[in-house]
Amino acid sequence: MSKEGKNKGILREPEEGFLEKVINWYNKQEKLINVIFVSVVVVVLALLFYFMYWAPKRQAKAEMAIYKAEQYFAADSVQLALNGDGTCEGLLDVIKEYPCTKTADRARFMVGSCYIKDGKLDDAISMLKKCSTRSKLISVQALGLIGDAYWEKNNLESAAKYYKKAYKKNPNDLLTPMYLLRYAMVSEAQGNWDKAIKAYETIQKEYTQSFEALDVEKRIEYAKTRL
């Protein structure tokens, strides 16, 4: 008998289809898949609860808590702004009670500013580096204040570094020329006259209407004589 004849007499089981393979795999992994599915659902629900209910509610409470402290900060009452008046909370209380809110970031900026006025330069630098606000102006000012603190500490290298970050971040007509000027002045103190000239010339060309541009031509001439 030929091989073909022999093969015709043998019954073969039909091959397992793709759908059947999937069903069999699911049956074997059912417990694991159900655990993963439930975990994903729980995480999604938790995120929805956080972003749609809990976070907005905390944000609203933080705004109420910081109201009086901001008034004290605007009035330059450093200690009352920081610690409150016994009835209303201070900036430090807001940061402690509402750490993950936008309000707390704003409070960190104000606390850093208060610490500089109070001569606590290292505390100011530490606090301002934690400030991660989305506000374009405050984020620039925070970098500039770190530069101020380092300048007061006579750390000219770090001061120049942060002034440079400040004038490069979110350029605007109000703050950018101010930090360009401070960067140039620190560069002068370091003896980096070429960097100072470049910063002065940027003010002269790009921020002609700014207060810093009023005597910038004289500053350029002087820096060139020293270069």
Subject >> Gaussian network model of the chain, Cα within-10 Å springs - most flexible of Ile146, Ile116, Ile33 >> reply: Ile33
**OP:** With θ set to phi - 60°, apply the Karplus curve 6.51 cos²θ - 1.76 cosθ + 1.60 along region 211-227 and write out the HN-Hα couplings as whole Hz, x wherever there is a Gly or Pro.
**Re:** 4, 5, 7, 4, 10, 5, 4, 5, 5, 5, 4, 5, 4, 5, 5, 6, 5
Original post:
Could you give the angle, 0 to 90 degrees to the nearest 10, between helix 18-49's Cα long axis and the longest principal axis of the Cα atoms of the chain?
Top reply: 30 degrees
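Counting other beta carbons within 10 Å of each Cβ, put Tyr67, Tyr162 in order, fewest first.
Going from least to most buried by this count: Tyr67, Tyr162.
Quick one: order Thr208, Thr103, Thr87 by neighbouring beta-carbon count within 10 Å, fewest to most. Let's see the in-between values first.
Numbers: Thr208 10, Thr103 24, Thr87 6.
Final ranking by Cβ density, sparse to dense: Thr87, Thr208, Thr103.
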Subject >> Percentage relative contact order, the chain, counting C-alpha pairs under 8 Å, at least six apart >> reply: 9 percent
**OP:** For n ≥ 4 DSSP H runs only, could you compute -39500 (n - 2.57) per run for the chain, divide by its residues and tell me the 222 nm figure to the nearest 500?
**Re:** -23500 deg cm²/dmol
**OP:** Return, ordered by residue number, the residues of region 86-112 whose backbone nitrogen is under 20 Å from a label point located 7 Å along Cα→Cβ of Lys153.
**Re:** 108-112
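Quote the charge dipole size of the chain about the Cα centre in Debye, to the nearest 20; the model charges only the Cβ of Lys and Arg (+1) and of Asp and Glu (-1). Working shown, then result.
Working: 35 positive and 29 negative charges, 165 e Å.
It comes to approximately 800 debye.
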Original post:
How far is it, in nm, from the label point at Lys129 to the one at Glu20 when both lie 7 Å from their Cα along the line to the Cβ?
Top reply: 6.5 nm
Original post:
Looking only at region 190-214, which residues have a backbone nitrogen under 14 Å from a spot 7 Å from the Cα of Thr225 in the C-beta direction?
Top reply: none
Original post:
Helix 55-74 versus the longest principal axis of the chain: what angle, 0 to 90°, nearest 10, using Cα atoms?
Top reply: 10 degrees
Original post:
How far apart, in nm, are two points set 7 Å out from the Cα along the Cα-to-Cβ line at Glu97 and at Glu217?
Top reply: 5.6 nm
Original post:
Gaussian network model of the chain, Cα springs within a sub-10 Å range: biggest mean-square fluctuation belongs to which of Gly84, Gly112, Gly144?
Top reply: Gly84
Original post:
If you rank Lys205, Lys102 by fewest surrounding Cβ atoms within 10 Å, what's the result?
Top reply: Lys205, Lys102
**OP:** Quick one: among Val111, Val41, Val78, which has the greatest mean-square fluctuation in a GNM of the chain with alpha-carbon springs under 10 angstrom?
**Re:** Val41
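Could you size up the charge dipole of region 158-227 around its Cα centre, putting +1 on the beta carbon of Lys and Arg and -1 on that of Asp and Glu, and report it in debye to the nearest 20?
On the way: 13 positive and 9 negative charges, 80 e Å.
About 380 debye.
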Subject >> Cα point-scatterer Debye curve for the chain, base-10 log of I(q)/I(0) at q = 0.16, 0.17 Å⁻¹ >> reply: -1.08, -1.15
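On a 26 Å Cα-Cα criterion, which of the cross-link pairs Lys102/Lys153; Lys165/Lys205; Lys117/Lys165; Lys57/Lys96 come out too long? Each step should come with its number before you reach the end.
Values: Lys102/Lys153 30 Å; Lys165/Lys205 20 Å; Lys117/Lys165 22 Å; Lys57/Lys96 16 Å.
Among Lys102/Lys153; Lys165/Lys205; Lys117/Lys165; Lys57/Lys96, the Cα-Cα distance tops 26 Å for Lys102/Lys153.
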Original post:
Taking only Cα atoms, what is the 0 to 90° angle, nearest 10, from helix 102-117's long axis to the longest principal axis of the chain?
Top reply: 30 degrees
Subject >> P(r) of region 158-227 over all Cα-Cα pairs, binned every 10 Å from zero, in whole percent >> reply: 24, 57, 19, 0
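Values in this text are rule-based calculations from the coordinates and carry no lab data. Being a predicted model, the structure only gives us computed values, none of them experimental. Glycine also receives a Cβ, built like all others from the backbone with ideal geometry; neighbour counts cover every protein chain displayed.
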